[in-house]
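The values are calculated or read from the model by the stated rules, or taken from the named source; none is laboratory data. As the structure is a prediction and not an experimental result, all values here were calculated from the model. Quick note on the areas: whole protein, heavy atoms, side chains included, nothing else; ligands and nucleic acids left out. Shrake-Rupley method; radii C 1.70, N 1.55, O 1.52, S 1.80 Å.
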Amino acid sequence: MARLTGIIAAAASTGHALDLLRGWGAGSYSYAVPAAVVLMAGICALVLHTPAAPAPLQLAAAAVLALAAAAAIGVNLAAAPNTAVKATTCFLVMAYIGAQGAATILHRAHRTRQARPETATPTRPGRAGSPRGSTAANPT
């Protein structure tokens, strides 16, 4: 569901980014910049849901995802034609970030429950292999 929310938010924000960049005379970069931001957000979302990703990488992905959301909100505020559209598109971006955060928390909770620690069998004093129960002569 977070991905679907992201697709909707990306579609709305990309349109505004295209309008804004075309107005600034960015030419072909009008398409490249929004596409790069959307792809970057998607990659960050994948990293956040990858169990093998180390914690520093996940933290970096969360930070970059927040920057992508801030860029999308800035574009929507700058290029949307009226207050209602600005509010709606900014809400869509924030809804995606909220859904992504909730999905990440749920994935981590599920992984934590799945990973069960191994229980070690304690040894009793006097058993074979125990230093206290050893019958070897003391060399001193």
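A few comments on the model shown:
- Added length on full extension, which subtracts the Cα-Cα distance from 0.36 nm per residue, ARG3 to VAL64: 20.3 nm
- Whether segment 1-46 is rounded, prolate or oblate, judged on the alpha carbon gyration tensor where a/c under 1.5 counts as rounded: oblate
- Residue-normalised accessible area of segment 57-120, given per residue in Å² at a 1.4 Å probe: 64 Å²
- Segment 1-95 - convex hull of alpha carbons, volume per residue in Å³: 83 Å³
- Extension gain, ASN82 back to TRP24 (0.36 nm per residue minus Cα-Cα distance, nm): 19.0 nm
- For segment 1-75, carbon and sulfur atoms together expose 79% of the accessible surface, with a 1.4 angstrom probe and every protein chain in place.
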